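The values are calculated or read from the model by the stated rules, or taken from the named source; none is laboratory data. Remember, predicted model here, so these are calculated numbers, not experimental data. FYI the Cβ positions are ideal-geometry reconstructions off the backbone, even for glycines, and counts take in every protein chain you see. Keep in mind that these areas ignore ligands, DNA and RNA; they rest on the heavy atoms of the full protein, side chains included. Shrake-Rupley method; radii C 1.70, N 1.55, O 1.52, S 1.80 Å.
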Amino acid sequence: DFISYIDTFPMVDPPEIFGMHENANIAYQDQTSGEIIGIALSIQPREGGGGGKRPEDVVLEICETMSQKVPDKIDVEIAHASSFGTDPNTGMMVSLGTCLGQEIDKFNRMIGKLKATLISLNKAIQGLIVMTADLDAMFGAMLNNQVPDLWAKVAYPSLKPLSTWFDDFLQRVDFFRLWVNNGKPIAFWISAFFFPQGFLTAILQGYSRANNIAVDVLGFEFEILDFDDPNDIEEEVETGCMNYGMFMDGARWDFERAVIADSEPGIMYSTAPIVHFRPVQNYKPAPAEYSCPLYKTSVRAGTLSTTGHSTNFVLFLEVPTEQEPAYWILKGAALLCQLND
């Protein structure tokens with residue numbers, strides 16, 4: 001009888017046994033499928049067949065399309081007065097201006113790399129220059145809709161396929177170009193930054209200088225608003241910053257009750273609401289709230305960089321909850337700066 005009863009158990013334990021949401025099983029299956037497809041793509045032959053386009057023609061077409069869309073470098077010489085303004089108290093450039101300059105340097109380097117490698121690959125396919133190992137790897141990656149290593153080395157962390165990665169890159173450049181040309185925005189797309197930790201530190205430094213408070217004793221408290229569209233923000237906040245562009249993984253935001261809630265079945269990710277990051281002195285998180293981690297990508301793992309910050313983890317945001325915080329820890333609830341597609 002015992003054996004017969006045990007035989008009735010499912011072969012695979014459902015995620016609910018471990019306190020996780022049923023969507024966790026979908027996420028696992030999606031990840032496994034992606035790995036299998038990735039292996040299959042990596043071993044497929046390059047020779048075309050069946051009368052379709054040759055691989056060379058496909059990649060040439062991608063190169064030409066992208067070359068036309070790669071933007072010019074961001075010109076700081078025509079910047080708005082408020083983009084790189086100076087602090088009247090110290091005579092130094094405002095902290096956000098320093099952060100903006102560092103981000104522009106990285107994006108301009110990235111733009112230059114994309115332009116140069118696209119031109120080189122185009123010439124190599126046509127036989128005008130030697131097809132180096134790096135260009136050959138770039139050819140294979142573009143054929144499989146993957147981001148080439150030549151670009152990934154100078155880019156921000158991302159798990160997107162090449163097509164959506166490129167569109168995301170163009171949107172990020174547009175965000176910073178508008179910031180430079182039109183001045184400081186009233187809300188910030190936190191996902192657009194190479195180094196969001198540096199941006200948040202700049203916010204704290206600006207508050208520190210304005211109020212003569214040591215930056216070491218400052219932290220953020222978070223006000224989660226009841227909407228997720230940055231176009232609904234009417235004016236700039238006096239202290240801190242409004243941030244948008246985050247996504248919730250393993251949970252969702254209940255706008256009616258203003259608390260974190262379980263995900264809807266089959267819906268893996270949801271858009272997070274606008275969050276007001278407000279600097280405060282000697283901030284202590286409320287024990288009843290859930291410290292929700294914010295990551296750049298869904299990998300949820302990173303290494304310590306030379307700055308002492310993680311290459312993936314950004315910070316914890318305290319969010320209201322009707323359950324114990326441990327409930328959301330088991331669910332694996334987190335915020336992400338970008339999705340995988």
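Okay, here's what the table says:
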{"quantity": "Selection within the range 219-263 - under 19 Å from Pro279 (Cα atoms) and outside any strand (DSSP E or B)", "calculated": "Leu225, Glu235, Glu236, Val237, Glu238, Thr239, Gly240"}
{"quantity": "Filter result for the condition that a residue is in a loop (DSSP other than H, G, I, E, B), of a type outside the set (Lys, Arg) and surrounded by 19 or more Cβ atoms within 10 Å (Cβ to Cβ), over Val147, Val154", "calculated": "Val147"}
{"quantity": "Close pairs from the range 269-284: first basic (Lys, Arg), partner not in a strand (DSSP E or B), Cβ under 7 Å, at least 6 apart", "calculated": "Arg278/Thr239; Arg278/Gly240"}
{"quantity": "Residue match in the range 68-80 (condition: more than 16 Å from Ala141 (Cα to Cα), exposed (fewer than 11 other Cβ atoms within 10 Å of the Cβ) and not acidic (Asp, Glu))", "calculated": "yes"}
{"quantity": "Which listed residue is buried (at least 20 other Cβ atoms within 10 Å of the Cβ) and over 29 Å from Asn212 (Cα atoms), from Ala251, Ala258", "calculated": "Ala251"}
{"quantity": "Complete set of residues in the range 111-132 that are exposed (fewer than 13 other Cβ atoms within 10 Å of the Cβ) and β-branched (Val, Ile, Thr)", "calculated": "Val130, Thr132"}
{"quantity": "Residue within the range 19-26 that is part of a helix (DSSP H, G or I), open to solvent by 50 Å² or more (accessible area, probe 1.4 Å) and at pLDDT below 80 present", "calculated": "yes"}
{"quantity": "Candidate set from the range 214-234 (those that are of a type in the set (A, V, I, L, M) and open to solvent by 30 Å² or more (accessible area, probe 1.4 Å)); member that is nearest to Cys99 (Cα to Cα)", "calculated": "Val215"}
{"quantity": "Out of Ser263, Ser298, Ser310, Ser291, sole residue that is in contact with a Phe, Trp or Tyr (Cβ under 7 Å, 6 or more places away or on another chain), of a type in the set (Gly, Ala, Ser) and farther than 20 Å from Thr98 by Cα", "calculated": "Ser291"}
{"quantity": "Lone unmet requirement of (1) more than 14 Å from the chain's Cα centre (by Cα); (2) within 18 Å of Lys296 (Cα to Cα); (3) not in a helix (DSSP H, G or I) for Pro185", "calculated": "(2)"}
{"quantity": "The lone exception for Phe277 - which of (1) aromatic (Phe, Trp, Tyr); (2) part of a loop (DSSP other than H, G, I, E, B); (3) open to solvent by less than 50 Å² (accessible area, probe 1.4 Å) it fails", "calculated": "(2)"}
{"quantity": "Close pairs from the range 195-216: first over 15 Å from Pro88 (Cβ atoms), partner among the aliphatic types (A, V, I, L, M) and surrounded by fewer than 16 Cβ atoms within 10 Å (Cβ to Cβ), Cβ under 6 Å, at least 6 apart", "calculated": "Leu204/Val215; Gln205/Val215; Ser208/Val215"}
{"quantity": "Boolean, Phe194 is touching a Phe, Trp or Tyr at 6+ places or on another chain (Cβ under 7 Å), more than 19 Å from Gly38 (Cα to Cα) and not in a helix (DSSP H, G or I)", "calculated": "yes"}
{"quantity": "Test result for Trp179, within 30 Å of Pro148 (Cα to Cα) and either open to solvent by less than 60 Å² (accessible area, probe 1.4 Å) or aromatic (Phe, Trp, Tyr) (or both)", "calculated": "yes"}
{"quantity": "Tally, over the range 70-91, of residues that are of a type in the set (Asp, Glu) and in contact (Cβ under 8 Å) with a residue 40 or more places away in the chain", "calculated": "2"}
{"quantity": "Residue match in the range 262-269 (condition: within 16 Å of the chain's Cα centre (by Cα) and either surrounded by 18 or more Cβ atoms within 10 Å (Cβ to Cβ) or at pLDDT 90 or above (or both))", "calculated": "yes"}
{"quantity": "Tally, over the range 182-213, of residues that are surrounded by fewer than 16 Cβ atoms within 10 Å (Cβ to Cβ) and polar (S, T, N, Q)", "calculated": "3"}
{"quantity": "Condition check for Lys115: in contact with a helix residue (DSSP H, G or I) (Cβ under 9 Å, 6 or more places away or on another chain) and not hydrophobic (A, V, I, L, M, F, W, C)", "calculated": "yes"}
{"quantity": "In the range 297-312, residue modelled with the lowest pLDDT [restricted to those that are within 25 Å of Val280 (Cβ to Cβ) and open to solvent by 60 Å² or more (accessible area, probe 1.4 Å)]", "calculated": "Thr307"}
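To keep it simple, each residue is scored yes or no on (1) part of a helix (DSSP H, G or I); (2) within 28 Å of the chain's Cα centre (by Cα).
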residue: Glu64; (1), (2): yes, yes
residue: Ser83; (1), (2): no, yes
residue: Gly101; (1), (2): yes, yes
residue: Leu114; (1), (2): yes, yes
residue: Leu118; (1), (2): yes, yes
residue: Ala124; (1), (2): yes, no
